[in-house]
Amino acid sequence: MNVVADAAQAVMKKALALAPDSWIPGGVPDPLIRHKHGLVGTPVSRLDGRFKVSGTAHFAAEFPLDGMAYAALAFSAIARGRITSLDTAAAEASPGVILVMTHLNAPRMKPLPYFLAAGKAAAGDNLPIMQDDQVYWNGQPIAVVLAETQEQADHATSLIRATYAAEHATTNFAEAKAQGLHPANFAGQPLQLKIGDADAALAAAAVSVDVTYRTPFQNHNPIEPHAVTLAWSKSEGREVLRVHDASQCVSHVAWTIAEAFALEETQVHVTSPYVGGGFGCKTLWQHHILAAAASRMAGRPVRLALSREAVYRVVGGRTETEQRVAIGANKDGTFEALIHTGAIAMTAHNNVPEPFITPSMILYSAGSLKLSVETAHLNMLANTFMRAPGEAVGSFALESAIDELAEKLGMDPIELRIRNEPEKDPVSGLPFSSRNLVEAYRAGAARFGWKDRHATPGTQQEGERMVGIGMATATYPYQRMPGGAARITLTADGHANVEIAAHEMGMGTTTTTAIVAADRLALPLEDVSIGYADSELPGLVLAGGSQQTASIGAAVIAAHRALVTELLKLAGNASPLAGLSPDQVANEDAGLCSIDDPSKRESYASILSRAGRAQVSVEASASKPLESSHWSMHSYGAMFAEARVNTVTGEVRISRFLGSFDCGTILNPKTAASQFRGGIIMGLGLALMEETQFDERTGRIMNPSLAEYHVPVHLDVPEIDVIWNDIADPHSPMGAHGVGEIGITGVGAAVANAIYNATGKRVRDLPITLDKLL
Ligand code: MOS
């Protein structure tokens, strides 16, 4: 069966690779790429900025519902075993307590397919949710308390007493590896790849490096912790669940909650108008299901806002990795072998093996490749996606190793990279849709002052501080997931409302969507409104994988085409546009005109009024995302860091940072710059601070707070310079690529390489804390 499916997939892949460009979405470049007179490319402030600074933007935990109860969670204290007793009497007797829900009284709920395992699945794990006495990780919810106030609920959880029959838990990476490694699959694709004989080529190479890098567990810390405010009601005899969520996938969440309670998808309505950061963690975790179950039991609306600690207990983070990178090169620097292999920690109940080999699949031409990710199973909370899963930590290893090799070769690290720049995709052999990485290196190097770098490490000192600069390559794939759809409603007064179940997590999505729609419809920005983040709207659009912008773009292209078709029908024979097909018209000045004879034109208002219509509304689905099977589509960048390392204390300060990007057309420079900087700041955290303290004896996360889990604060972050080349990808909607995740990639290595250049100390395990430099 698998053989047949694999063969069919291989045939399909080949057919897509060989198909004429014009058969593929993006084969005919999006007209918006050439359309430079609109707002695309001009800096536009966030349309929702005023609501956010004035406190009128309501986040998930800010919807007050009549009769609402407040929820809090109690967590297991062992990593594996059974709950033998659960004393909830004191909690139940505590003031204001409405309900204590445990496995002893919870309703039946189905385990859920994990995120990406089915079309709309959004769950972080596939474990039973409070259905029996089994404990799967240290921190698993064992009780939900509902009370009249949050404080009463929080207090009552502290009165719950549990005893356990603990079983042996594997909570140590070394032990887990010794128990056996499992070859990893990511999103259905094996993370194992061999081209040529890399081991032999490495052994025969004139110059080589062969080193191991380590990256730690990291937790998600969006400024807004996860929350749901929800209520059950009856509508036309049907039970309906209304959920105010903090989500990067409203339609997935609605479907998945419906699965848990055996409801129709349409019985669950999820909205999420504002989200205080997603980064991969605002999918579906047990708190959604537990809050809905408790609400149904108590017959009360419920708010469950996770405490910061609860985010660490319930919501997965990035897992630990151990990566070997070996590169064999000729004396001129050309690579003969690239090996990037290693192991990560994972659980048996999730599906996110950190795919750290992805940068090695795309960045360099090497005579031979050997790439592999294997997983070791621990008894812990399911790990999950975290900003640029794979590339964020994979680029730390690969790009540090390139720096190590450059030094052995006595070559400039940028020149070494350029020497190995591939002409086509090193793995698939597909042509690149758009790759201007060399230009990004050169532009970044010129602006950062790379030529002033001291090639010999440890030779530049200012007072107590050693100073050095380093760089690394950034990369992240262009993706567009299937399922995009949009509705456009155009009214006779010339207003367009564009509706799509997409998400605004602070990136500027609504602003960018309005810009793109306004330019395509030739309307002023103020005449376009956006409906979004509502599971009842068209489209299955995940705000993840840096793919939302392309996904929205393709959906808006399809809806725009349907609208033009409909407008031409309504225009009829009395219009100057009579007889023209959708391909023969363009949008200009709030109307349509003939491309060949722009004097033939009619405004939307005129078309609708003659047709006696107050409005026209169309809905359409995006083309299938075949472009990334026909071209190799990726974003690129070059990251430059200047580090100052205190010789007395080991303290590292990053005094300058520059990102030089090649990400297609930049739609809104204002919000894109903010995305790049945000990614880079998270990258500085990855390089220097972030580390989940996972107690390897008990499997307990020991630093579940922002006091003990360090992320960069203002004083840790220098002015970050970002530049981009703004070269359109001819094969993507609007010529654009996503810009959400690339910013974190390459930063870890740029910082490590700068620290090496400053001190001569090569740190191969993150974070680079001061103890590693003394
Ligand atoms: Mo991102 S880790 O795909 O939200």
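The values are calculated or read from the model by the stated rules, or taken from the named source; none is laboratory data. Since the structure is predicted, the reported quantities are computational estimates derived from the model, not experimental observations. Virtual Cβ from ideal backbone geometry, glycine too; neighbours counted across all protein chains shown. What goes into the accessible areas is simple: the full protein's heavy atoms, side chains included, and nothing from ligands, DNA or RNA. Shrake-Rupley method; radii C 1.70, N 1.55, O 1.52, S 1.80 Å.
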Quiz item: Size of the dipole of region 277-356 about the Cα centre, Lys and Arg at +1 and Asp and Glu at -1 on the beta carbon, nothing else charged, in debye to 20?
Solution: 680 debye
Quiz item: On the accessible surface of region 474-530, probed at 1.4 Å, how many percent belong to carbon and sulfur atoms?
Solution: 54 percent
Practice problem: Please state the charge dipole magnitude for region 619-762, taken about the Cα centre, from unit charges on C-beta atoms (+1 on K and R, -1 on D and E), reported in debye and rounded to the nearest 20. | Solution: 320 debye
Quiz item: Hey, what's region 628-708 come to in accessible area per residue, 1.4 Å probe, Å²?
Solution: 30 Å²
Self-check item: Sum of -39500 (n - 2.57) over DSSP H runs of 4+, divided by residues of the chain (222 nm, nearest 500)
Solution: -7500 deg cm²/dmol
Quiz item: For region 85-191, what's the relative contact order in percent, using C-alpha pairs closer than 8 Å and at least 6 residues apart?
Solution: 33 percent
Practice problem: Mind checking the per residue accessible area of region 14-154 for me, 1.4 Å probe, whole number of Å²? | Solution: 47 Å²
Self-check item: Extension reserve of the E439-Q615 stretch, reckoned as 0.36 nm per residue once the Cα distance is removed
Solution: 58.6 nm
Quiz item: Looking at the chain, what % of the alpha carbon pairs are farther apart than 38 Å?
Solution: 42 percent
Practice problem: Please name which of W631, A614, P598 has its Cα lying farthest along the dipole of region 596-640 towards the positive end, using unit charges on Cβ (Lys, Arg +1; Asp, Glu -1) and the Cα centre as origin. | Solution: A614
Quiz item: In region 648-703, carbon and sulfur make up what percent of the accessible area (probe 1.4 Å)?
Solution: 52 percent
Quiz item: Which FRET efficiency, nearest 0.05, do F51 and A7 yield, Cβ-Cβ r, R0 45 Å?
Solution: 0.30
Practice problem: Return the whole-Å distance between the Cα centroid of region 68-119 and the Cα centroid of region 745-764. | Solution: 45 Å
Quiz item: For region 692-719 and region 459-519, what is the separation of their Cα centres, given in Å?
Solution: 28 Å
Quiz item: Averaged per residue, what accessible area in Å² does region 176-280 show with a 1.4 Å probe, protein chains only?
Solution: 40 Å²
Practice problem: Report the trypsin sites (Lys or Arg not before Pro) located in region 411-458 that are in a DSSP loop and have at most 11 other Cβ atoms inside 10 Å of their Cβ, or state none. | Solution: none
Quiz item: Given charges of +1 on the Cβ of Lys and Arg and -1 on the Cβ of Asp and Glu, with all other atoms neutral, how large is the dipole of region 1-135 about its Cα centre, in debye to the nearest 20?
Solution: 620 debye
Quiz prompt | Sparse-neighbour loop sites [GluC sites (Glu not before Pro); region 498-607; at most 16 other C-beta within 10 Å; DSSP] | solution = E536
Self-check item: region 237-337: C-alpha gyration tensor shape, a/c 1.5 cut-off, then a/b vs b/c
Solution: prolate
Quiz prompt | Loop-resident sites, region 98-191, for trypsin sites (Lys or Arg not before Pro), counting at most 10 other Cβ within 10 Å (DSSP) | solution = R108
Exercise. Provide L490, L430 ordered by accessible surface of protein heavy atoms (probe 1.4 Å), highest first.
Key: L430, L490
Practice problem: Give K370/K408; K177/K772; K120/K282; K331/K761; K194/K331; K120/K624 a once-over and call out the pairs whose C-alpha atoms are over 20 Å from each other. | Solution: K370/K408; K177/K772; K331/K761; K194/K331
Self-check item: Centre separation in Å (Cα based) which lies between region 529-594 and region 606-652
Solution: 18 Å
Quiz item: Normalized C-alpha radius of gyration of region 624-762, against 2.2 N^0.38 Å?
Solution: 1.25
Quiz item: How many percent of the accessible area of region 1-108 is carbon or sulfur, using a 1.4 Å probe?
Solution: 62 percent
